[in-house]
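What follows draws every value from the coordinates through simple rules; no lab data is involved. These numbers were taken from a predicted model, which means no experiment stands behind them. No Cβ is skipped: glycine too gets one built from the backbone with ideal geometry, and neighbour counts run over all protein chains shown.
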Amino acid sequence: MALQRHHLSLLFIMFSFVACHSTVLFDDGSTFKDFIKQKSTDVLSLKKFVKLGDISSSLKTVNVNDYGARGDGKTDDTQAFNDAWEVACSSGGAVLLVPENNYLLKPFRFSGPCRSNIEVQISGTIEASENLSDYSEDLTHWLTFDSVEKLSVKGGGTIHGNGNIWWQNSCKVNEKLPCKDAPTALTFYKCNDLTVEDLTIKNGQKMQVSFQDSENVKVSGLTVTAPGDSPNTDGIHVTNTQNIQISSSVIGTGDDCISIVSGSKDVLATDIICGPGHGISIGSLGAGGSKDFVSGITVKGAMLSGTTNGLRIKTWQGGSGSASNIQFQNIQMDNVTNPIIIDQNYCDQETPCEEQKSAVQIRNVMYQNIKGTSASDVGVQFDCSNNFPCQGIVLQNIDLQLEGGGGAKASCNSVELSYRGDVIPLCP
Ligand SMILES: *[C@@H]1O[C@H](CO)[C@@H](O)[C@H](O)[C@H]1NC(C)=O
Ligand SMILES: *[C@@H]1O[C@H](CO)[C@@H](O)[C@H](O)[C@H]1NC(C)=O
């Protein structure tokens, strides 16, 4: 332990020293920034290591196998998870361990509040029951963490929603069927001070992961996948959640990679790889005349490939409230159909939406360093409300070309726009 502390302070000294020289370029061509990034990762992992040594003695490990879980992929392990969770949640700090087997679960709620902080270590796979009658009580959730504070979920394992049966029964796939709801694979509801890292979420029945009514959330290292044609399978959904950071995640689904909706504030997404899917979306907002607010959204560092949208803000007519202080920075687009789009006439229903007077105000949106290719002629589209023009929209250093070569166009309606640096394309 003494040795580790020594290393830590040594790294810290190196770190502070280098921090004074801001333009160092290293022999191998890496930049100062890379170096710092590497060093801070080293420091962080070292810290984590030291911390793990400190706490593992005090945290009780609760292994689902000790509560009767079979992990054979066939037996229903819901009761065992329930029993293990009750023990973990009522103890003074515990690790709930899901070992490297395949556990089959019906809808299950990890309910809080718990007596102390909890870590859930998922090393294996948790797979969803495919029996639709298991979902008859609540059609909208499979796994839910409900009101668990200071929760950490990690472990490199997989949450597998077995969504195929739900997609086949979706009215978006088979128009003859009635439209019914389907479960979100993994929901965090009212989980303040939450960490979710290093997990794969796959083939969720509808949305893959949802963060709802939570504060202070750190998400990193997620791989979120569902087929590009699976209906409504949003990757990471953020609703009424404040102060959430989503970093270093790879998302490819049949709907939005990340969707951020009403009540969300201070959302930071960094180092995101997205595609296939519908891109990164703020909204939809203002559906059914609702009053919605979203602010302080930053997407910094993203690569979008083959998505139908890139950076989208979508609002229905007839709503109110605002979407404000939004920043999109350092984004690479690769054959994206609508790379930059604000759509204040969003209408996702069978009957056409009628013209209405009110709208959700869109204000202060900055697009900075956005490069790459558009699959459609229109690389930049601002379709803003006539009564509530988009205000304070800034395009800075934009370069969007057509995928097959040639310049993309911009289409601009009712927008107060300014340019900085080199911008291609410009509004007519
Ligand atoms: C589905 O669950 C119901 C109710 O628990 C049960 O009666 C039925 O046998 C199950 N179906 C299959 C295919 O396992
Ligand atoms: C670009 O995207 C379009 C529309 O999604 C698709 O038809 C086309 O094959 C893609 N081109 C390449 C080179 O991937």
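Before moving on, here are some points about what is shown:
- Helix-derived mean residue ellipticity, 222 nm - over the chain, DSSP H n ≥ 4, -39500 (n - 2.57), to 500: -4500 deg cm²/dmol
- Other residues whose C-beta falls under 15 angstrom from the C-beta of G283 contribute a net charge of -2, scoring Lys and Arg +1 and Asp and Glu -1.
- Judged by the gyration tensor of its Cα atoms, with axes a ≥ b ≥ c, region 363-425 is oblate; a/c meets the 1.5 cut and b/c is at least as large as a/b.
- Between C114 and E149, the built amide H atoms are under 5 Å apart, and every one of these is 5 or more places off in sequence or on another chain.
- Mean sequence separation of contacting Cα pairs (under 8 Å, at least six apart), scaled by the length of the chain, corresponds to a relative contact order of 7 percent.
- Anisotropy class of region 274-382 from Cα gyration tensor, a/c 1.5 cut: oblate
- Here's the list of aspartates and glutamates a cross-link from K180 could span, going by alpha-carbon distance under 13 Å and ignoring same-chain residues fewer than 8 apart: D138.
- Under 13 Å from the Cα of K371 - aspartates and glutamates, other chains or at least 8 residues apart: D334, D399, E403, D422
- Least to most buried among F388, F81 (fewest other Cβ within 10 Å first): F388, F81
- The Cα-based radius of gyration and maximum Cα-Cα distance (Dmax) for region 58-242 are 15.8, 57 Å.
- Long-range amide H partners of M303 with built H, under 5 Å: I272, I273, C274, Q332
- Tensor-based shape of the chain (alpha-carbon gyration tensor, a/c under 1.5 rounded, otherwise prolate or oblate): oblate
- Local electrostatic count, T144, Cβ distance below 13 Å [Lys/Arg +1, Asp/Glu -1]: -1
- Pairs beyond 24 Å (Cα-Cα), from K265/K357; K60/K206; K176/K206: K265/K357; K60/K206
- Unit charges at the beta carbon, dipole of the chain: most positive-side option, L143, G92, S290: G92
- Using 0.36 nm per residue and subtracting the Cα-Cα separation, the extra length available between E354 and E175 on full extension is 62.1 nm.
- Residue order, fewest to most beta carbons within 10 Å, for T315, T223, T337: T223, T337, T315
- Panel order for D343, D266, D138, by other beta carbons found within 10 Å of each beta carbon, from fewest to most: D138, D266, D343.
- Cut-off under 5 Å, modelled amide H: who pairs with G279 long-range: C257, T308, N309
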